[in-house]
Amino acid sequence: MGEYVIEMLNITKDFPGIRANDDITLRLRRGEIHALLGENGAGKSTLMSVLFGLYQPEGGVIKKDGDVVHIKDPNDANALHIGMVHQHFKLVEIFTVLENIILGVEPNKMGFLQKKEAHRRVVELSERYGLKIDPDALIEDISVGMQQRVEILKMLYRDNEILIFDEPTAVLTPQEIDELMGIMRSFAAEGKSILFITHKLNEIMAVADRCTVLRKGKCVGTVDVKDTDKVKLSRMMVGRDVDFIVEKDDAKPGKTVLEIKNLTVPSKAHKNNAVKNVSFNVRAGEIVCLAGIEGNGQTEFVYALTGLEKPSAGRITLKGEPIVQIGHKRGLQSSASLDKTKPILMPIRHRSKLGMSHIPEDRQKYGLVLDYSLEENLVLQRYWEPEFQNKGFIRKDQVREYADRLIRQYDIRSGQGPVTPARSMSGGNQQKAIVAREIDKNPELLVAVQPTRGLDVGAIEYIHHQLIAARDNGKAVLLVSLELDEVINVSDRILVMYEGEIVGAFDPKDITVQELGLYMAGAKRQSNESEAYSA
Amino acid sequence: MRIVSDILSATILFAVPLLLVALGGMFSERSGIINIALEGIMIVGALFACLTLRALDLNTSIGQNAPQLGMLIAILVAAFSGALFSLLLAFASVSLKADQTIGGTALNMMAPALAIAVTWAVQGQGQTNIIIPTWTRITQETLGIVPKDVFWQNLVFKSFYQTTIWAILLFLVAAVLLYKTRFGLRMRACGEHPQAADSVGINVYRMRYAGVFISGILGGIGGLAYTIAAGSTFQSSVAGYGFLALAVMIFGNWKPWNILGASLFFALFKIIGSYSGSIPFLPKFENLNQSEYLYLMVPYIVTMILLILTSKKSRAPKSEGIPYDKGRR
């Protein structure tokens, strides 16, 4: 048995029009945690998909224990004891945990499932590794963190020795991340070898032994983590120096721009309300961050604020003008006169004209029309303005001119400039296009929902600078985020949302990441609720 | 009591094709392929089965000697031809990744035309009706049992065919296959989350072919069962029963036991519709011209109303209708 359990030598993988992996060599030692670092689109996932048999490389060889192997499909990978936790979990929602774990390797007698034996083994494995699960729960009923444990158990059930984790921490709370790191270490201590895809440097420093860095499909190098630091790693990854701490002056808040009072939004997923009686203000020249773990009502809150969904009660005013006002016997006692007034629900375009900009959570669903060109997407909210239309006909020349200006100013990179289909652009540049469109409208209120989700450090740095520039221009910014570093670094005021309620309000200077995590997970809450929106 | 046993007997007779075809649809959709083509599959299955019966009747003496063996052959022919015809849908929607609704519609348009063409080719120009021999029915003499009670005699033997026995057996097999076997687990995974199935080494394309193939077998037998139930001739049509079976499948929430209940329910309404004239307590609407058609509309109207009421609760296989492409993840 040699030093390396897996060697991927000179791997080259082409996709139409792009070389995703160019002559990449990666060697995995037995019992090590090996991080694979790179920007979005650097080729990390492609390389791991090659190892897992999902793609066939055009060039290069894979060796297991020194012998050349051909991995044609996941069955081959499984036979070589290679397992993978995919970034988007591959779990069947209506199946139980147990059914998902055994799918593909079902214990059976003449084709009939033998679940009892599998049940026993799954319970045994989950106890041995401290992966708490209920084998009979349905996947759709359990949390994302628990779903990840199911994915891990899937690998253990198959006796995998080489474990690939594709961005496993993106969906987890800080506590869950710590837990996962511990589990990964215990696997390594047992002699299992781990490949860990990420673009989060903290995690690499915390858990990895070695790190291979990819940039634009090429291998930049492999380093020992103990001999390096975050600055060096990020320089390898991006190719230049990156600021981690966002430089910003203290906020100089002005008058109140957005006022939310007793907002309640029903949930589509369950019978309870997704947002419960939430009130707070956002002032000009400050960034207020609504922090919370996914699924605690932020999405519904933003939908109600931006007009994508109808709240059941509450009042929202923008620049003093009511955009939502829906009476509720209990919710609006303070303003009894409202019972008589007609409910107000301002259409989205009017909100936009009044000065609301929205960088949506799902940029491909709500942010862009993917099959439109970049320039069409850039005027999506303004095509009806006299500047861009004449008697109902689009003034193409004006649109082109405007798009060219935004592309230059916001450094949006694309294959064919303004006529590039939005679909073919990278995630980072799609996001830049949305940011450009929304900020260039010169809004009074900028609602940015997870604006850096899935982006690499370079793009994150850029978005953060834009948010702070908007604030310094006297705009009110409402940032909704799950990323703790972002919450602490960028915002001037933090509101934590848990199960549809604001459970705490903080100054980012006074709170640590760990403490914030406890509030987000619902383990702590501020007793005096009025504090939450007094500021 | 006689009318009750008549209605129950006829209900079972008409529930059998609905049950078989809806179960077929269930297998196809659970594997991820929307099977609009059930109507066409039924026609093709019925066509070849009836031609087989006709040939056996004309050319052999099987009708006198072993009628149920002849029926068994016809059932096998129905299953085989239905399955073969369904492979066209599987090829279009799995291998060619075509739109499944359009593919199914094309097969539905093709089937009656094919049926008429073949019928004329066999029987001669203009001879659209294939006459089904009378020996297909299972009688008291066949089994040698004579129930004493007229109620039971009427209920069991008024319209008893081998297809009913097969429907019960196939139903049990289907329920076990879907939930208790490796095959069923894998098939359901393919209809819900084919990427997940693929990532654990299940061949999604093969499972979907299998799902459609099974729907062809059940649909073909269902076509024969409908034709026997509906009368003594096959006229290149199954009168929308394939679509009614789709409604039954949706109403049955893609689950075998619910589908059984739904098909009995729909058949009951269908029979009440056709027996409306002889059920004393039903209003007659005598001042309306041809009021019997009001009752014939009942099963279809009930279908629509029930689908409206239950569509919120029903949960279709998540990935049905989406061609699976290995390359796209």
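The values are calculated or read from the model by the stated rules, or taken from the named source; none is laboratory data. Note that this is a predicted model, so its numbers are computed, not measured. Cβ atoms come from the backbone with ideal geometry, glycine included; neighbour counts cover every protein chain shown. Only protein heavy atoms, including side chains, enter the accessible area calculation; ligands, DNA and RNA are left aside. Shrake-Rupley method; radii C 1.70, N 1.55, O 1.52, S 1.80 Å.
Using only the Cα atoms of segment A:365-441, construct the convex hull and provide its projected area averaged over every direction, in square nanometres to one decimal.
On the way: hull surface 18.7 nm².
The orientation-averaged projected area of the Cα hull of segment A:365-441 comes to 4.7 nm².
I'd like the orientation of helix B:162-180 relative to chain B: the angle between its Cα long axis and the longest Cα principal axis, in ° from 0 to 90, rounded to 10.
30 degrees
Restricting attention to the alpha-carbon atoms of segment A:4-238, what are Rg (one decimal) and Dmax (integer), both in Å?
17.7, 58
For segment A:421-516, count all C-alpha to C-alpha pairs, find those more than 22 Å apart, and express that count as a whole percent of the total. Before the final figure, lay out the partial values.
Numbers: 1499 of 4560 pairs.
The calculated P(r) of segment A:421-516 puts 33 percent of pairs beyond 22 Å.
What value in Å³ per residue do you get for the convex hull of the alpha-carbon atoms in segment B:225-329?
Values: hull volume 18.3 nm³, N = 105.
Cα convex hull per residue, to the nearest whole number: 174 Å³.
Sort A:Glu259, A:Glu486 by heavy-atom solvent-accessible area, probe 1.4 angstrom, most to least.
Order by accessible area, largest first: A:Glu259, A:Glu486.
Can you tell me how much longer the chain between A:Lys232 and A:Val246 gets when fully stretched, taken as 0.36 nm per residue apart minus their C-alpha distance, in nm with one decimal?
3.2 nm
Could you give the nm distance between label points at B:Asn65 and A:Glu387, where each point is 7 Å from its Cα heading toward the beta carbon?
Calculated label separation equals 9.2 nm.
How big, on average over all directions, is the shadow cast by the Cα convex hull of segment A:62-164, in nm²?
On the way: hull surface 29.6 nm².
Computed as one quarter of the Cα hull surface, the answer is 7.4 nm².
Just want the answer: with Cβ charges of +1 for Lys and Arg and -1 for Asp and Glu, which residue in B:Ala229, B:Leu51, B:Ala37 is farthest toward the dipole's positive end in chain B?
Selected residue: B:Ala37.
Choose one of A:Phe165, A:Ala20, A:Val122: the residue whose Cα lies farthest towards the positive end of the charge dipole of segment A:4-238 (beta-carbon charges +1 Lys, Arg; -1 Asp, Glu; about the Cα centre).
Toward the positive end, the furthest listed residue is A:Ala20.
What does chain B give for Rg and for Dmax, in Å, if only its C-alpha atoms count?
For chain B, the Cα radius of gyration and maximum Cα-Cα distance read 20.3, 66 Å.
Quickly rank A:379-389, B:20-30 as a protection proxy: mean count of other C-beta atoms within 10 Å, highest first. Please report the intermediate quantities before stating the final value.
Numbers: A:379-389: 14.9, B:20-30: 31.2.
Those peptides, ordered most packed to least, come out B:20-30, A:379-389.
By how many degrees, between 0 and 90 and to the nearest 10, does the Cα long axis of helix B:38-59 differ from the longest principal axis of chain B?
50 degrees
Output needed for the protein assembly as shown: three equivalent-ellipsoid semi-axes, defined as square roots of 5 times the C-alpha gyration tensor eigenvalues, in descending order, whole Å. Kindly include the intermediate steps, with their values, before the conclusion.
Values: eigenvalues 680, 261, 139 Å².
Largest first, the protein assembly as shown gives 58, 36, 26 Å.
Can you sort B:Tyr293, A:Tyr498 by solvent-accessible area, 1.4 Å probe, largest first?
Most to least solvent-accessible, the answer reads B:Tyr293, A:Tyr498.
Under the definition of Cα pairs under 8 Å and six or more residues apart, what whole-number percent is the relative contact order of chain A?
On the way: 1051 pairs, mean separation 76.7, N = 535.
Reported as a whole number, the value is 14 percent.
Compute the length gained on full extension between A:Lys255 and A:Asn442: take 0.36 nm times their separation in residues and subtract their Cα-Cα distance, giving the result in nm to one decimal. It would help to have the intermediate numbers written out before the result.
Numbers: separation 187, 0.36 × 187 = 67.32 nm, distance 1.72 nm.
Computed gain between A:Lys255 and A:Asn442 is 65.6 nm.
Only residues of segment A:382-413 count here: report those whose backbone N is under 16 Å from the spot 7 Å along Cα→Cβ of A:Tyr372, or say none.
From segment A:382-413, the list is A:382-390, A:392-404, A:406-407.
Averaged over A:91-102, how many beta carbons belonging to a partner chain fall within 10 Å of each residue's beta carbon? Don't skip to the answer; put the middle values down first.
Working: counts 5, 12, 4, 8, 6, 0, 0, 0, 3, 5, 1, 3.
Shielding by partners across A:91-102 averages 4.
How large is the dipole of chain A about the Cα centre if only Lys and Arg carry +1 and Asp and Glu carry -1, each at its Cβ, rounded to the nearest 20 debye?
Numbers: 71 positive and 76 negative charges, 302 e Å.
So the dipole magnitude of chain A works out to roughly 1460 debye.
Roughly how many Å is it from the Cα centre of segment B:134-151 to that of segment A:166-183, as a whole number?
Each part reduced to its Cα centre gives a spacing of 70 Å.
How far apart, in nm, are two points set 7 Å out from the Cα along the Cα-to-Cβ line at B:Gln140 and at A:Met110?
3.9 nm
Pulled fully out, how much extra length does the chain show between B:Tyr205 and B:Trp120, if you take 0.36 nm times their separation in residues and subtract their Cα-Cα distance? It would help to have the intermediate numbers written out before the result.
Working: separation 85, 0.36 × 85 = 30.60 nm, distance 3.73 nm.
Between B:Tyr205 and B:Trp120, full extension yields an extra 26.9 nm.
Say a paramagnetic label sat at a point 7 Å from the Cα of A:Gln514, along Cα to Cβ; which residues of segment A:463-493 have their backbone N under 18 Å from it?
A:484-485, A:488, by backbone N distance to the label point.
Calculated from DSSP H runs of 4 or more alone, at -39500 (n - 2.57) each and per residue, what is the 222 nm mean residue ellipticity of chain A, nearest 500? Provide the component values of the computation, followed by the final result.
Numbers: 16 runs with 161 residues, N = 535.
Rounded to the nearest 500, it is -9000 deg cm²/dmol.
Work from the charge dipole of segment A:4-238 (Cβ charges, +1 for Lys and Arg, -1 for Asp and Glu, about the Cα centre) and give the residue of A:Val207, A:Leu80, A:Cys219 farthest towards its positive end.
A:Cys219
Restricting to Cα pairs below 8 Å that are 6+ residues apart, what does the relative contact order work out to for segment A:4-238? Please round to a whole percent. If you can, show how the numbers build up before the last one.
Values: 456 pairs, mean separation 68.0, N = 235.
The value is 29 percent.
Distance check, please: which entries in A:Lys524/B:Lys312; A:Lys248/A:Lys441; A:Lys44/A:Lys90; A:Lys226/A:Lys509; A:Lys365/B:Lys255 exceed 28 angstrom between their Cα atoms?
Working: A:Lys524/B:Lys312 38 Å; A:Lys248/A:Lys441 23 Å; A:Lys44/A:Lys90 18 Å; A:Lys226/A:Lys509 30 Å; A:Lys365/B:Lys255 33 Å.
Correct reply: A:Lys524/B:Lys312; A:Lys226/A:Lys509; A:Lys365/B:Lys255.
Taking every DSSP beta bridge that has both residues in the protein assembly as shown, what percent is antiparallel when rounded to the nearest 5?
Looking only at bridges with both residues in the protein assembly as shown, the antiparallel portion is about 60 percent.
Between B:Ile102 and A:Asp65, what is the label-to-label distance in nm when each label sits 7 Å out along the Cα-to-Cβ direction?
Label at B:Ile102, label at A:Asp65, 5.2 nm between them.
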